[in-house]
Amino acid sequence: MGGFEPHAKPWGMGGVPDDFEFQLLPDDHEQFEILMEKALERVPALETAPIRATVNGPESFTPDNNFLLGETPEVRGLFVGAGFNSAGIASAGGAGKALAEWMAAGSAQQDLWPVDIRRFAPFNANPRWLKARVTETLSLHYAMPWPNRELETARPFRRSPFHERLVARGAVFGSRMGWERPNYFSTGAHDREIAYGFGRPNWLDACAAEQRAARTAAALFDLSSFAKHRFEGPDAEPALQELCAGDVAIGVGESVHTAMLNPRGGIESEVVVARLAGDAFLIVSGSGQGVRDADWIGRNAGAKTRATLTDVTSAFAVLGLAGPRSREILSRLTDEPLDDAAFPPGTAREIAVGFETALVMRRSYAGEHGYELFVQTEFALGVHDALHEAARISASDAGHYALDALRIEFRAWGRETSPDVTPNEAGLEGVVRLDKGADFIGRSALARQERVTPKRRLVSLLGPEPGAQMVWGGELLLADGEPVGEVTSAAFCATLGGIAALAWVRADRRIDQRWLDARSFAIDVAGELMAVTASLTPFCDAEAAKMVKAPLDRRRKTA
């Protein structure tokens, strides 16, 4: 009889003795008391059963309850398989095979991101932070894995310059790569804390209001957690041309959305590359990707490349301004012309914003007309306050729950891409330029795949407004009652008036819209079938806030 206590007891913080192996620790009945009490409730016979042996030994737990696998980014040729969280026997076969393949091939041969050692940064090795965090993760080993569950210990950890402003405005925070990020902004006592469950969440109305603001007026997002790297030197452009599937031979003041692929054609990372000068680029990627992206670039650019990569994540705060009134708001703070001719989509230019200067990109993850403002950290509050003053009542603070819903509506990519997924399968052909005049990693694989019809496609789904049940991702997708795939992302999307989702669909033939229209699709939500419409294209038009389909009244069949 054993268990995982609610508050673990760290051991070895002062160092593990060199000769400590296969040893036990003295009995600790006080620490085990809560487990013994519950054991007696579960198995009353334990009260009179003789105790033949007690076992109290240390076990390795990690900050997120997943083990560590792969080659370290700091030392080439040093591979790690550790921190198996009491599940070493269960995971040993698969982990050993994956690690052996990684060592033999020089890179992971499947999507191992949940256990990839590069999901952590050097600052995660802080002993006090580890002590506080791991006491919590052990206790969650068999706890209910609520959707969007946030860890509570060792926080706040990393904070953007806007943190206190956001606290005052009612932000309810989540954490990503240590960053405190607003999930949503509370509207009252009922949603000041996240109430975990599988049904309709208590924050849904607040999130919907933030979405509507982004679609009808403007919304302001704190995007400071983006990973940001400066890549500069005489070989910067040719190196990026080899690393990126898109054409990054762009002009100064321009940016491009592209992907870095592995030799199999799988997506290692989605990035935005902006050209700052003739030999200098800014590479922007997801919050959790910083260490992994830097390792991928450094490993594949090669030691002889005359270019340096510098992590500038902490040097710049980022504000996202999105919505049909975003140009009007920003124009109040700058004399620069922002019309389509002077500032077209993809522009990345330093301009005056109030009293400060910011690198402003005309880009928006929300699928609206919008801008991302990269501001040096010491000037960030000035820009933030100036934007709020300029917006007055025409913009709303918004969090990452709303941003996730907005990107699902117009089909921006998040959890859907991985090293096992190619741009052809994901509908991301736009990030690839096979004819750019330069070879790149994964090009040969993509060229071969162009001649093969993919039998796995990413589709958009739309269902009714959530009642008691909510779709979170991970649910089974059925076509005419038969399993065909799995939901990857889902959210209530206020613009569409229902649950929108993205899902991978497999078939033994070519998947096109005609094939989708001929079938009745449903998501299995806790045993109940939710009828949905399936489409290869988004239900909401980017930068227009227009529905390109009227999905809720076009369902051909019901499940």
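Restricting attention to the stretch 366-384 and to residues that are at pLDDT 95 or above and among the charged types (D, E, K, R), the residue that is surrounded by the fewest Cβ atoms within 10 Å (Cβ to Cβ) turns out to be 378.
Listed by position, the strands (runs of 3 or more DSSP E) contained in the stretch 494-542 that have at least 2 residues being of a type in the set (S, T, N, Q) are 528-535.
Could you grab me the full set of residues in the stretch 342-368 that are in a loop (DSSP other than H, G, I, E, B), more than 23 Å from residue 430 (Cβ to Cβ) and without any contact (Cβ under 8 Å) to a residue 24 or more places away in the chain? 342 - this is the single residue of the stretch 342-368 that is in a loop (DSSP other than H, G, I, E, B), more than 23 Å from residue 430 (Cβ to Cβ) and without any contact (Cβ under 8 Å) to a residue 24 or more places away in the chain. Please find, among 133, 118, 155, the residue that is part of a loop (DSSP other than H, G, I, E, B) and of a type in the set (D, E, K, R). Criteria check complete, one pass: 155.
Restricted to the stretch 369-480, the set of strands (runs of 3 or more DSSP E) holding at least 2 residues that are assigned by TED's automatic domain parsing to the domain that holds residue 517 and in contact with a Ser or Thr (Cβ under 7 Å, 6 or more places away or on another chain) comprises 456-462.
Here the condition is being under 30 Å from residue 496 (Cβ atoms) and touching a residue at least 60 places away in the same chain (Cβ under 8 Å); of 402, 380, it holds for 402 alone. Of 273, 291, 252, 256, all but one fail to be assigned to a helix (DSSP H, G or I) and outside the structural domain of residue 449 (by TED's automatic domain parsing); the exception is 291.
Scanning the stretch 470-499 for residues being closer than 19 Å to residue 408 by Cα and either out of contact with any helix residue (DSSP H, G or I) (no Cβ under 9 Å at 6 or more places or on another chain) or free of Cβ contacts under 8 Å to residues at least 60 places away in the same chain (or both) gives a total of 14. Tallying residues that are touching a residue at least 12 places away in the same chain (Cβ under 8 Å) and either touching a strand residue (DSSP E or B) at 6+ places or on another chain (Cβ under 9 Å) or in a helix (DSSP H, G or I) (or both) within the stretch 183-200 yields 12.
Just one of the listed residues (150, 180, 164) is over 30 Å from residue 275 (Cβ atoms), at pLDDT 95 or above, assigned to a loop (DSSP other than H, G, I, E, B) and of a type outside the set (Lys, Arg), and it is 150.
Residue 108 fulfils the conditions (1) hydrophobic (A, V, I, L, M, F, W, C); (2) part of a helix (DSSP H, G or I); (3) touching a Pro at 6+ places or on another chain (Cβ under 7 Å) except for a single criterion, (2). Within the option set 352, 348, 341, 322, being under 18 Å from residue 222 (Cα atoms) and either surrounded by 18 or more Cβ atoms within 10 Å (Cβ to Cβ) or modelled with pLDDT of 95 or more (or both) holds for one residue only, 322. In the stretch 500-533, of all residues being of a type in the set (Val, Ile, Thr) and without any contact (Cβ under 8 Å) to a residue 60 or more places away in the chain, the one that is farthest from residue 450 (Cα to Cα) corresponds to 525. So which of 456, 510, 433, 514 is surrounded by 15 or more Cβ atoms within 10 Å (Cβ to Cβ) and either among the acidic types (Asp, Glu) or farther than 30 Å from residue 402 by Cβ (or both)? 433 is the lone residue from the list that is surrounded by 15 or more Cβ atoms within 10 Å (Cβ to Cβ) and either among the acidic types (Asp, Glu) or farther than 30 Å from residue 402 by Cβ (or both). Within the stretch 281-297, how many residues are more than 14 Å from residue 316 (Cβ to Cβ) and without any contact (Cβ under 8 Å) to a residue 60 or more places away in the chain? Count: 2. Only one entry of 192, 119 meets the criterion of being farther than 24 Å from residue 406 by Cβ and modelled with pLDDT of 95 or more, and that entry is 119. Each residue in the stretch 236-249 was checked for being in contact with an Asp or Glu (Cβ under 8 Å, 6 or more places away or on another chain) and either assigned by TED's automatic domain parsing to the domain that holds residue 422 or surrounded by fewer than 24 Cβ atoms within 10 Å (Cβ to Cβ) (or both), and 4 of them qualify.
Yes/no per residue for (1) closer than 19 Å to residue 366 by Cβ; (2) at pLDDT 95 or above:
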{"residue": "398", "(1), (2)": "yes, yes"}
{"residue": "403", "(1), (2)": "yes, yes"}
{"residue": "411", "(1), (2)": "yes, no"}
{"residue": "417", "(1), (2)": "yes, no"}
{"residue": "422", "(1), (2)": "no, no"}
{"residue": "425", "(1), (2)": "no, no"}
{"residue": "430", "(1), (2)": "yes, no"}
{"residue": "437", "(1), (2)": "no, no"}
{"residue": "440", "(1), (2)": "no, yes"}
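The values are calculated or read from the model by the stated rules, or taken from the named source; none is laboratory data. What you see is a predicted model; the values in this text were computed from it and never measured. Positions of Cβ are generated from backbone atoms using ideal geometry, with glycine treated the same way; all protein chains shown enter the neighbour counts.
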